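The values are calculated or read from the model by the stated rules, or taken from the named source; none is laboratory data. Predicted, not measured: the structure shown is a model, and the values here were computed from it. Here Cβ is always computed from backbone atoms with ideal geometry, including for glycine, and neighbour counts include all displayed protein chains.
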Amino acid sequence: MGNTPTPHIAAKEGDFAKTVLMPGDPLRAKYVAETFLEDARLVNNVRGVNGYTGTYHGKRVSVMASGMGMPSMGIYSYELYHFYGVENIIRIGTAGAIQPDLRIRDVVLGMGACTDSAFAGQFCLPGTFAPIASYELLAKAVSVIEEMGTVRYRVGNVLSSDVFYNDNPDTRDLWQKMGVLAVEMESAALYMNAARCGKNALTICTISDSLVTGEATTSEERQTSFNDMLKIALETA
Ligand code: HPA
């Protein structure tokens, strides 16, 4: 280490737990810390990206936002893995359903993350890299969900897209044909950084909207489903 603080994180070495939960939104990170962690301490507030470390049932856990999109997730996950000794990052976010059988509030575990981004270019691989979740984190999350017994969930591919407002009307159908479950904007960068650094990552998403039916969650539904997803992440951590 010896690289802390970093250009984007003001915390000192040792300030983060081995496992960091990452919602996209800084206000969600604050909510998690204030509502679910004991003795939560603010360890970063650069650019309003508040990071907290506390305990959950005696287990040391951190929570910090990733911001939106792969460049932002790429920066924060890189610095956490490389400079703060973080071993596990669990993204807790929302995603838009691509498959017609996915309903609003369903949970999607990203076993793999397809992408339309050029993030992998930096690794100069002589082929296409397949960004995948950590099997250990994925298996643990599945067992937590099975034990809860109340959550509708799917495990499979997500699409990490650089584009929210896509000009090409065919995009959804093309990924749908390949069985991709849902679209979000961060997991592929997270999974690639984890792979390159020999660390672990998992994305847990709740479906906030459907690109098939046009349905979207109300803010109340988003809160309830966020709490379910959070419980899965905290128990997996
Ligand atoms: N696209 C990208 N990211 C998202 C979406 C979406 O439709 N819904 C929630 N996160």
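Of the strands (runs of 3 or more DSSP E) lying entirely inside the range 149-224, those carrying at least 3 residues that are among the small types (G, A, S) are 200-210.
Of the residues making up the range 173-214, those that are within 16 Å of the ligand (Cβ to nearest atom) and among the hydrophobic types (A, V, I, L, M, F, W, C) number 15. Does M73 satisfy the criteria of being surrounded by fewer than 17 Cβ atoms within 10 Å (Cβ to Cβ) and either within 16 Å of the ligand (Cβ to nearest atom) or closer than 24 Å to Y191 by Cα (or both)? It is false that M73 is surrounded by fewer than 17 Cβ atoms within 10 Å (Cβ to Cβ) and either within 16 Å of the ligand (Cβ to nearest atom) or closer than 24 Å to Y191 by Cα (or both). Out of the range 154-172, which residues are under 20 Å from P131 (Cβ atoms) and either under 15 Å from the mean Cα position of the chain (by Cα) or within 15 Å of the ligand (Cβ to nearest atom) (or both)? Listed by number, the residues that qualify are V155, G156, N157, V158, L159, S160, S161, D162, V163, F164, T171. Within the range 92-126, the only residue that satisfies the criterion of being within 19 Å of D173 (Cβ to Cβ) and hydroxyl-bearing (S, T, Y) is T115. In the range 140-151, the condition of being away from the ligand (no atom under 16 Å from the Cβ), under 15 Å from the mean Cα position of the chain (by Cα) and either touching a residue at least 24 places away in the same chain (Cβ under 8 Å) or surrounded by 22 or more Cβ atoms within 10 Å (Cβ to Cβ) (or both) is met by at least one residue. Of all residues being within 16 Å of the ligand (Cβ to nearest atom) and surrounded by fewer than 19 Cβ atoms within 10 Å (Cβ to Cβ) in the range 76-113, which is farthest from the chain's Cα centre (by Cα)? Just the residue, please. If we take residues in the range 76-113 being within 16 Å of the ligand (Cβ to nearest atom) and surrounded by fewer than 19 Cβ atoms within 10 Å (Cβ to Cβ), then P100 is farthest from the chain's Cα centre (by Cα).
Is it fair to say D106 is more than 21 Å from V32 (Cα to Cα) and charged (D, E, K, R)? Against the criterion (more than 21 Å from V32 (Cα to Cα) and charged (D, E, K, R)), D106 does not qualify.
Confirm whether Q122 is surrounded by fewer than 19 Cβ atoms within 10 Å (Cβ to Cβ) and modelled with pLDDT of 95 or more. Taking the combined requirement at face value, the residue satisfies it.
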